[in-house]
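Here's the structure we're looking at; comments come further down.
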Amino acid sequence: MSGEIITGKKTVMTPFNVIAGMVVLMGLIITAIRFTKGLGAATNLSDYNPWGIWIGFDLLVGVALAAGGYVTSAAVYIFGMKKYHFAVRPAVLTGFLGYLFVVVALHYDLGRPWRLAYPFIVGWGTTSLLFEVGLCVALYLTVLFLEFSPAPLEWLGFKKTRYLAVRLTMVLTIFGVVLSTLHQSSLGALFLIAPSKLHPLWYSPYLPVFFFVSSIIAGLSMVMFEGMLSHRAFHDKMDEEHLSESDSLTLGFGKAASLVLAGYFTIKIIGVAAGNHWNLLTTPYGIWFLVEMIGFIALPCFLYAVGVRDKNLMLIRFTAAWTVLGIVINRLNISVIAFNWHLPASDRYFPHWMEIGISVFIVMLIILFYRFIVTRMPILYEHPDYKGEEQ
Amino acid sequence: MGISRRKFLGWIGAAGISASIGKPAGASSISQFSGFPDSKGVLHDITRCVGCRSCEDSCNKINELPEPDTLFSDQTVLAKNRRTTTKAFTVVNQYISKNASEKPVFRKIQCNHCLEPACASACFVRAFTKTPNGPVTYDPDVCVGCRYCMIACPFDIPAYEYDEPLTPRVVKCTMCAPRIEAGEIPGCVSVCPTEALTFGKRKNLLSIARERIRNNPDRYIDHVYGEYEMGGTSWLYLSGVPFHEIGMREDLGIKSGPELTSGALSIVPMIVGLWPVLLTGIYGMTKRKEKNAFIEQEGAVAAAVERANHESIKKIAAAIEKERLGKKKAMEAAEKEKEKGIK
Ligand code: SF4
Ligand code: SF4
Ligand code: SF4
């Protein structure tokens, strides 16, 4: 993304727009293939590998990276970090778009997407972790929609409705944290049922805890990472508070992320110790596990700490991006890379280009929606009519 | 983990998530469940199997499956490591022992009809049912196609119709449930020429298996595969070679699928119950801290104001004094001038 994308007045043929157009076109074509020819035509899924990157990336990574919404609103409204108030709206917006498109992406992966509501209508499969995930995601998407609603209501000038929505803030925040705790952790718990398929270094009875704790890390890092990107692209949309306080947010969130990463590292070690899997660390999978542990958990923990100590904002922002990458790797490890590790190479899964195409298409849609909204609604600045109002 | 499903549902209900769940489904129960008492099963005596593929043939016809990839008379495919697919609910594989003098071993693969099926507990629309007769059946009319059942099945059994754009189904062996219902025996069992397959009550099959082991200790490994694996299965196996050598996993453990996830599920009501209380508490504390800070701040401001007042009064007094003195001096000077002038 670059500064020119928001000018728009001069020309729509900016490099970004051209790429975006091509990605959307490709997405539409693959969409047509997927829904007319079936999953088999667009994916490399097989009977051994029923889940690919549409679950591993679009669902698991998508939900983890959309954690910024609950993390930020909890920090501001529950833990009273009022000075980060300016960051709530962008974080809630990304959370909302993130979840919305997780649900959109699910329609590609489900064999019969039009039955998406069946679990709640025809068969309450309460013994399934997926049921819990589905219920919480559905409820949380509603919560995020309500949390986000003041922005469009201000934009449209519906003062009374907006007032009602704003009054719900506290309740929605608490709901949001409860629902996020539940579904972030149960995404990890999905894999509890398959101890014989997931590599022992990644399989652990603590998987739900790992997923929850790492979602906090993902949320914090995503808010910083995204802040960096939107500073580049939407600088002119930001108000005084946003511009002046975002450095302090980076320092605060960087510190928090470093602490949570340290805790995460510790419990991951406890996980290995509990299963007594030390001997596996020297195998190829073990080395890959160590890459994740040292390169994407210990290292960012250290870099965040150094960045905060030296007030090195560049370093913290780089670390945020690195941590986000680490989360992507972790979720793919569990769902795809270390899953079915025992099978011979010929039975393993590698994504079809169309699967990657849809994932890129979904990410592009999120960016385009984000751009559409922040260039119109009061997200990065306070609406003049409601300035300084206590929320 | 000793939480019964009913209790769990009770909590959920109490926590206000739902009020409309509650039909007890034996198949996906997470309480201790050792199988329906008279449920049927099949004993597969691997030592008797000759790899004729008659069972594959009969299964194909009974279930009206598409034409097989190779004719059932073709024995060469046995050597390939095949699995169940949308076209084959069952396959027979051949395993050559490392010891060249030993004869090859054949093993039939199909759904094991677990006593507490992982696939059923994983399904979020309850498309699978463990019937009291034994078979684990599937209902395509409710299936959403999430394929979590396939992730969950430890035996890699369910296959999916990926090429079907509108009506893809999960497919697997049904244990010929309709035939059992009608008092017949499963198709594959009925055609087996060597009685490598025996159909009956699971209880009885277990005794038969134990008896065979007792009578021929040299012929069999002393283990009935499926008695306890993954909480027990309706399909049982006897073998002359270690099970892992013929592609059967020996590391599955005896915990059933539902047991593996019951812990995580039982935490749900805890989170729903405790989190809001804790969070509101924290919120209350932050509020109080803020208020205290505010009061302190107020106090500080008042003190500062007072101090400032004090100082300014002094200043004003000093200024007035100064002015007074100045005026006095000026008056004196003026008087002096006057006097001078008079003089
Ligand atoms: S073998 Fe697999 S598909 Fe068959 S009942 Fe057990 S878990 Fe379900
Ligand atoms: S694919 Fe169908 S049967 Fe399998 S878990 Fe999903 S909804 Fe249930
Ligand atoms: S029990 Fe029926 S469906 Fe299952 S393998 Fe045998 S013939 Fe096929």
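Projected label points at residue B:81 and residue A:170, each 7 Å from Cα along the beta carbon direction, are separated by 6.1 nanometres. Between residue A:306 and residue B:278, the modelled labels are 3.4 nm apart [label points 7 Å from Cα along Cα→Cβ]. Summarising the label geometry, the points placed 7 Å from Cα in the beta-carbon direction at residue B:270 and residue B:218 lie 5.6 nm from one another.
For residue B:290 and residue B:181, the difference between the fully extended length at 0.36 nm per residue and the C-alpha to C-alpha distance is 32.2 nm. Please report the antiparallel percentage of DSSP beta bridges with both residues in the protein assembly as shown, rounded to the nearest 5. Of those bridges, close to 80 percent are antiparallel. Taking other residues whose beta carbon is less than 13 angstrom from the beta carbon of residue A:370, and scoring Lys, Arg as +1 and Asp, Glu as -1, yields +3.
Once fully extended, how much extra length lies between residue B:73 and residue B:297, figured as 0.36 nm per residue of separation less the alpha-carbon to alpha-carbon distance? Working shown, then result.
Numbers: separation 224, 0.36 × 224 = 80.64 nm, distance 9.17 nm.
Gain on extension, residue B:73 to residue B:297, equals 71.5 nm.
Dipole magnitude for the range A:92-174: computed about the Cα centre from +1 point charges on Lys and Arg Cβ and -1 point charges on Asp and Glu Cβ, it is near 300 debye.
Can you check what the net charge comes to around residue A:190, using other residues whose Cβ is under 14 Å from the Cβ of residue A:190 (Lys, Arg +1; Asp, Glu -1)?
So the surrounding residues net to +1.
Local charge sum around residue B:280 (other residues, Cβ-Cβ under 14 Å, Lys/Arg +1, Asp/Glu -1)? Here the count lands on +2. With helices as the sole contributors, the protein assembly as shown gives -17500 deg cm²/dmol at 222 nm; each DSSP H run of n ≥ 4 counts as -39500 (n - 2.57), and the sum is divided by every residue. Projecting the Cα atoms of A:204, B:166, B:223 onto the charge dipole of the protein assembly as shown (Cβ charges, centred on the Cα centre) puts A:204 farthest toward the positive pole.
Placing R0 at 51 angstrom, the Cβ-Cβ distance between residue B:211 and residue A:283 gives a FRET efficiency of 0.75 after rounding to 0.05. With a Förster radius of 30 Å applied to the C-beta separation of residue A:247 and residue A:353, the computed FRET efficiency comes to 0.15.
The slack between residue B:97 and residue B:305, meaning 0.36 nm per residue of separation minus the straight C-alpha distance, is 65.3 nm. For the pair residue A:48 and residue A:315, a Förster radius of 51 Å applied to the C-beta separation gives a FRET efficiency near 0.75, rounded to the nearest 0.05.
All of the numbers you see were taken from the coordinates with simple rules; none came from a lab. Because the structure is predicted, anything quoted here is derived from the model rather than measured. Methodologically, a virtual Cβ is constructed for each residue, glycine included, from the backbone with ideal geometry; neighbour enumeration extends over all protein chains shown.
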